Amino acid sequence: MTDRLNLSLLRKLVQLLAFLFLVYGSAIVGFYTADKISGALPALACAYDQQTADYCTLIPFQHQMDHRVGMVINAGGDLLKALLPSLITLGTFLLMFVVLNKAFCGWICPLGFFQEVLSLIGQKLGLRRIESLPEGLVLRVRPFKWVILLLLVFGLPLLAGLGSVGHELGSPYCSICPSRILTTLAAGDTSQVYLDTSSDGYFVLSLIANLLFGLMLAWGLFVRQPFCRICPMLALHAAFRSIGLVRLVKQGKPRCEKCGLCAKACPMDIREIHTEMEQRDVLFADCTLCGRCVEFCPDKEVLQLKYVTLPLFKADPAYFKRRKQAQGQWEKRNLLAWWRKRRGGAA
Ligand code: SF4
Ligand code: SF4
Ligand code: SF4
């Protein structure tokens with residue numbers, strides 16, 4: 001890394017390119033290919049076809065639970081055959097997921113990138129931000145992503161297929177997903193911002209979708225990655241993270257000074273990255289493999305991003321000094337400070 005290019009900047013460039021490709025990419029690769037890629041993509045990116053909300057890997061799971069598994073169970077058919085499409089979807093997801101692991105979150109996902117942009121806007125506006133959420137709150141929020149995955153991606157669609165709940169609950173996660181609204185708006189399609197009054201169920205779901213999107217917009221200015229913390233894709237990643245080839249490793253004892261700078265830098269408030277001293281594998285369930293903890297660790301090679309055994313990026317005292325300085329300068333420059341200075345100068 002040079003003085004000008006640091007890991008965070010490189011990641012932002014990759015995220016920007018990924019955003020452009022995932023929102024407008026069908027113009028390059030064609031609708032059919034875009035459709036196939038987005039259906040297996042381990043990130044929330046549903047405007048890939050540029051025509052209407054398309055889908056990420058969570059929608060085939062919901063459809064298969066509803067139209068395939070639930071209905072086959074109802075009709076007394078062969079359950080293994082009914083599960084086959086879901087297993088194929090899972091297999092395709094895993095084939096992609098294994099290559100980048102949770103870095104699909106930190107480097108590729110359009111919604112993850114958008115929340116980082118919101119955070120930067122909050123910083124630049126000089127808003128009073130909460131850089132780290134209280135530990136108790138973080139721990140209480142963590143289970144929600146599993147509840148949303150199990151209930152909205154698998155449970156309710158299955159019950160809809162069995163006829164136990166209404167058909168509006170056939171794909172409930174997609175009905176409330178903020179990525180559907182964001183990426184379609186980015187593609188110039190406003191049709192996903194609506195209140196559906198065709199039934200009470202659809203009305204409630206569309207209301208939740210708009211509220212969730214609005215809350216994400218507002219909180220994103222003050223808190224880092226607010227939606228990621230409850231995202232079901234994060235839970236799905238967490239379940240398979242041990243097979244991914246990108247790894248985050250730590251040489252705790254005797255080299256880690258327990259300074260806590262890694263945890264402070266972490267946008268997901270993973271304090272375990274600082275306290276873990278025994279385990280070498282520190283890819284925790286909420287990690288997005290953004291690499292900020294490695295950038296802000298001042299001790300040589302204590303934290304490392306690796307591709308299997310190949311080091312990609314290591315903690316380094318000289319890099320840390322440069323990075324800290326650059327971060328300090330970046331944080332100082334905001335519109336509020338500029339405006340106060342101007343007023344002070346004018347007075
Ligand atoms: S956790 Fe965040 S970055 Fe990862 S898929 Fe969900 S929204 Fe995207
Ligand atoms: S633990 Fe490190 S790599 Fe993972 S999300 Fe936190 S800062 Fe990013
Ligand atoms: S920043 Fe590095 S030295 Fe400090 S607690 Fe984290 S891993 Fe240990």
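Observations, loosely collected:
- Span-like helix check, the chain: qualifying full DSSP H segments, with Cα axial length of 24 Å or more and mean Kyte-Doolittle of 1.6 or more, are 7-24, 79-100.
- Whole-angstrom Cα spans of the range 238-328 along principal axes, big to small: 37, 26, 26
- Debye intensity ratio in log₁₀ form over the Cα atoms of the range 118-277, taken at each q of 0.10 Å⁻¹: -0.50
- Residue order, fewest to most surrounding Cβ atoms within 10 angstrom, among V153, V98: V98, V153
- Net charge over other residues, Cβ less than 15 angstrom from the Cβ of V147 (K, R count +1; D, E count -1): +3
- Mean residue ellipticity, 222 nm, helices only, the chain: the sum of -39500 (n - 2.57) across DSSP H runs of n ≥ 4, divided by residue count and rounded to 500, is -15500 deg cm²/dmol.
- Distance between the modelled labels on S164 and L9, one decimal in nanometres: 5.5 nm (7 Å Cα→Cβ projection).
- L211-N74 pseudo-label distance in nm [points 7 Å out on the Cα-to-Cβ vector]: 2.9 nm
- Convex hull volume of the C-alpha atoms in the range 279-320, normalised per residue: 77 Å³.
- Highest-first packing order for the peptide set 19-32, 214-227, 101-114 is 101-114, 214-227, 19-32, based on the mean count of other beta carbon atoms within 10 Å.
- D (Stokes-Einstein, µm²/s), Kirkwood Cα radius, the chain, 1.306 mPa s at 10 °C: 74 µm²/s
- Listed pairs K81/K306; K36/K314; K124/K321; K145/K264; K124/K324; K12/K124 exceeding 28 Å between Cα atoms: K81/K306; K36/K314
- Just checking the listed ones, D189, D200, D66: in the Gaussian network model of the chain with Cα springs under 10 Å, the one fluctuating most is D200.
- With coordinates expressed along the principal axes, the C-alpha atoms belonging to the range 1-119 extend over 65, 28, 25 Å, beginning with the largest.
- Candidate aspartates and glutamates for bridging to K300, where Cα separation is under 12 Å - those fewer than 8 sequence places away on the same chain excluded: E257, D316
- Residue of L94, L169, L137 that the Gaussian network model of the chain assigns the largest fluctuation, springs spanning Cα pairs under 10 Å: L137
- Cα gyration tensor shape of the range 120-160, rounded if a/c is under 1.5, else prolate or oblate by comparing a/b with b/c: oblate
- Contact order normalised by residue count of the range 245-326, Cα under 8 Å, 6+ apart, percent: 33 percent
- Residues with amide H under 5 Å from that of E301, placed H, sequence gap 5 or more: A315, D316
Rule-based calculations on the coordinates, nothing more; no lab input. Computed from a prediction, not measured in an experiment: that's the story for all the values here. Positions of Cβ are generated from backbone atoms using ideal geometry, with glycine treated the same way; all protein chains shown enter the neighbour counts.
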